Structure formats: C-alpha cells, structure tokens
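**Q** Just passing along the structure, written as structure tokens.
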Amino acid sequence: MKMTDKQMLTTMFEMQQKLNDDTNGKGWESGYNKFNRIINWKRCIYMECAELIDSFIWKHWKNINGTPDWQNIQIEVIDIWHFIMSLALETYYNNKMGGINEIVSYILDNKSFKTFCKEKLDTNNIEQMEIINQIERIINITSGVYKNSFEMILSEYFTVAHECGLNLKSLYKIYIGKNILNSFRQNHGYKEGIYEKTWGKVEDNVVMNKLIDKMDIITPNKLYNLLEEKYKQLK
C-alpha cells in the first residue's frame, strides 16, 4: 500500500524519537543525555553540513576534475535530517507546541517541502557550487542567532536535499535504512568505541545502501538481521 507524505513523515519522526530515547535516555529534550552530556542539535547540523560540503569536489588545488560521489552525498544529507528532526522534537517539546502530529502538519505546509515531494532532480544538471552555497546558508543559520530559525533551516534543507537528487520517497527509504544502521551501531558498541565501522574495505553505510537497494519494501527487522549477518562475517 502506498504511503502518504504525512505517513512517511510521521513514521520517520516516530523512529527518530525512539532512536533518541534509546541512545540518549528519556528526557533528552531537556538538552542533556543520560550521561549528563550537553546535547546541541544545531551544532550537530552544521558539523554534518561541513562533512556534506567535503563530499563535493570543492578544492581548487586537488582532484579538480573529479566527480562527486552522489550516493555518499545523499547519505550525508540523511544524516543531517536525523538532527533536524531531533531539533524539531526538542523545540516543540520545550516550547509546549505539541508533538509529532504538530511538527508533521507544520512541515507539510512548508513551500520547499512541497517542491521536495515532486520528482527527483537529475544531479547531472546541478551546479555543485550552488549547492555548496546553500549548505553554507544552513551552517550560518544554525551557528548564528535568528528568529524563526527552524523554518529557515527546513526551507534550506529541503532545497539542498532536492538538488542532491533526493525527494521524499527516496529520503524515506534511505532514512529507514540509516536509522536501523544507527540502532545497530549503538547495540554493537558504537558509543563505547568498539564498533567496527569499516566492513572489509567499505563503510557500513555502503553495505546498508546495497541491502536496501535490493529490498522492495524495507522491513526494519529484516534489515537489522541482514546487517547482523554481514557484521558477523567480519569476526
């Protein structure tokens, strides 16, 4: 059965809430995790944005004729989405603006989101320096003090994500995969520093991408079990 835009957004926010609860402990919206470490979602966003920029061929002194790795770029875009959703959950909770239903309703009315829900763009026709400039706008917003910053972050994010070859359907598919991978990492010692992120000669992100590409319908339990099988092969 085809999912509506509202259902896809709601599912992602529910999964993000659970991931944050499991990783940071209940009550993380207060700004501290269960280890009393400060949580700063805006910092998470702009640091991930810097990683996203580094996925492009931006250096004037190195690999100037190279081709962007769009698959890796899209993974970085999804990583940013994790933190934007977390910021939304924290913001709405602390300001008593409601919960997931209210956040989803707000996003559905966002103009950039409506454009994002259309067909994916061909990345061959996109000027990568223009995307970098837009990513830097997200960095400026999240590292500065702005009124209505959440609305600005959303609008810029969906524009960037669309120009990186994603739309809502593809973002949903990759997000589900990355969410399950993040849970898998936490369950296998990521926070303690004992998790092996490189599986053989590739990162676990690549393994996850190959698995979801073969799945018509992504079932979280099935994907988790497949990751478990692949990870055991490293031992």
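**Q** In the stretch 214-235, is there at least one residue being closer than 30 Å to PHE116 by Cα, surrounded by 11 or more Cβ atoms within 10 Å (Cβ to Cβ), without any contact (Cβ under 8 Å) to a residue 40 or more places away in the chain and not basic (Lys, Arg)?
**A** Yes, there is a match, as at least one residue in the stretch 214-235 is closer than 30 Å to PHE116 by Cα, surrounded by 11 or more Cβ atoms within 10 Å (Cβ to Cβ), without any contact (Cβ under 8 Å) to a residue 40 or more places away in the chain and not basic (Lys, Arg).
**Q** Starting from residues that are in contact with a Phe, Trp or Tyr (Cβ under 9 Å, 6 or more places away or on another chain) and buried (at least 16 other Cβ atoms within 10 Å of the Cβ), keep the ones in the stretch 195-213 and report whichever is farthest from ASP79 (Cα to Cα).
**A** Only one residue tops the list, namely TRP199.
**Q** Can you pull out every residue in the stretch 44-67 that is among the hydroxyl-bearing types (Ser, Thr, Tyr) and either at pLDDT 95 or above or under 26 Å from ALA88 (Cβ atoms) (or both)?
**A** Let us first name the residues in the stretch 44-67 that are among the hydroxyl-bearing types (Ser, Thr, Tyr), namely 46, 55, 67.
Answer for the stretch 44-67, where residues must be among the hydroxyl-bearing types (Ser, Thr, Tyr) and either at pLDDT 95 or above or under 26 Å from ALA88 (Cβ atoms) (or both): TYR46, SER55.
**Q** Which residue pairs have Cβ atoms under 8 Å apart, sit 6 or more places apart or on different chains, and have a first residue in the stretch 108-119 that is within 12 Å of LEU9 (Cβ to Cβ) and a second that is surrounded by 15 or more Cβ atoms within 10 Å (Cβ to Cβ) and among the β-branched types (Val, Ile, Thr)?
**A** PHE113/ILE107; PHE116/THR159
**Q** Given the structure, is GLU192 part of a loop (DSSP other than H, G, I, E, B), charged (D, E, K, R) and surrounded by fewer than 13 Cβ atoms within 10 Å (Cβ to Cβ)? Walk me through how you get there before you give the answer.
**A** Working: part of a loop (DSSP other than H, G, I, E, B): yes; charged (D, E, K, R): yes; surrounded by fewer than 13 Cβ atoms within 10 Å (Cβ to Cβ): yes.
Yes, satisfied.
**Q** Among residues belonging to the stretch 156-187 that are among the polar types (S, T, N, Q) and within 15 Å of the chain's Cα centre (by Cα), point out the one that is nearest to GLU127 (Cα to Cα).
**A** Per the criteria, the residue is THR159.
Conditions (1) in contact with a Cys (Cβ under 7 Å, 6 or more places away or on another chain); (2) crowded, with 19+ Cβ neighbours inside 10 Å; (3) in contact (Cβ under 8 Å) with a residue 40 or more places away in the chain, marked per residue:
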| site | (1), (2), (3) |
| --- | --- |
| SER55 | no, yes, no |
| TRP61 | no, no, no |
| ILE64 | no, no, no |
| ILE75 | no, yes, yes |
| ILE78 | no, yes, yes |
| SER86 | no, yes, yes |
| TYR93 | no, no, yes |
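**Q** I'd like to know if the stretch 15-23 contains one or more residues that are exposed (fewer than 13 other Cβ atoms within 10 Å of the Cβ) and either under 28 Å from GLU163 (Cα atoms) or of a type outside the set (Lys, Arg) (or both). Quick ask: steps written out before the conclusion?
**A** Start the filter on the stretch 15-23 by keeping residues that are exposed (fewer than 13 other Cβ atoms within 10 Å of the Cβ), which leaves 18.
When the remaining residues are screened for being either under 28 Å from GLU163 (Cα atoms) or of a type outside the set (Lys, Arg) (or both), the result is none.
There is no residue in the stretch 15-23 that is exposed (fewer than 13 other Cβ atoms within 10 Å of the Cβ) and either under 28 Å from GLU163 (Cα atoms) or of a type outside the set (Lys, Arg) (or both).
**Q** Among the listed residues TRP28, TRP70, TRP81, TRP41, which satisfies the condition of being at pLDDT below 95, aromatic (Phe, Trp, Tyr) and either under 30 Å from ILE131 (Cβ atoms) or in contact with a helix residue (DSSP H, G or I) (Cβ under 8 Å, 6 or more places away or on another chain) (or both)?
**A** Values: TRP28 fails: at pLDDT below 95; TRP81 fails: at pLDDT below 95; TRP41 fails: at pLDDT below 95.
One residue alone meets the criteria, TRP70.
**Q** Whether any residue in the stretch 99-108 is assigned to a loop (DSSP other than H, G, I, E, B), farther than 21 Å from GLU51 by Cβ and modelled with pLDDT of 95 or more is what I want to check. Working first, answer last.
**A** Applying the first criterion (assigned to a loop (DSSP other than H, G, I, E, B)) to the stretch 99-108 yields 99.
Applying the additional criterion that residues be farther than 21 Å from GLU51 by Cβ yields 99.
Pick out the ones that are also modelled with pLDDT of 95 or more and you get 99.
Scanning the stretch 99-108, I find at least one residue that is assigned to a loop (DSSP other than H, G, I, E, B), farther than 21 Å from GLU51 by Cβ and modelled with pLDDT of 95 or more, so the answer is yes.
**Q** Any residue at all in the stretch 159-182 that's among the acidic types (Asp, Glu), over 20 Å from ASN72 (Cβ atoms), touching a helix residue (DSSP H, G or I) at 6+ places or on another chain (Cβ under 9 Å) and part of a helix (DSSP H, G or I)?
**A** Residues of the stretch 159-182 that are among the acidic types (Asp, Glu), as a first pass: 163.
With over 20 Å from ASN72 (Cβ atoms) added as a condition, the list becomes none.
The answer is no; no qualifying residue exists.
The values are calculated or read from the model by the stated rules, or taken from the named source; none is laboratory data. Here the structure is a predicted model, which is why all the values come from computation and not from measurement. Note that we place each Cβ from the backbone using ideal geometry, even for glycine, and neighbour counts take in every protein chain shown.
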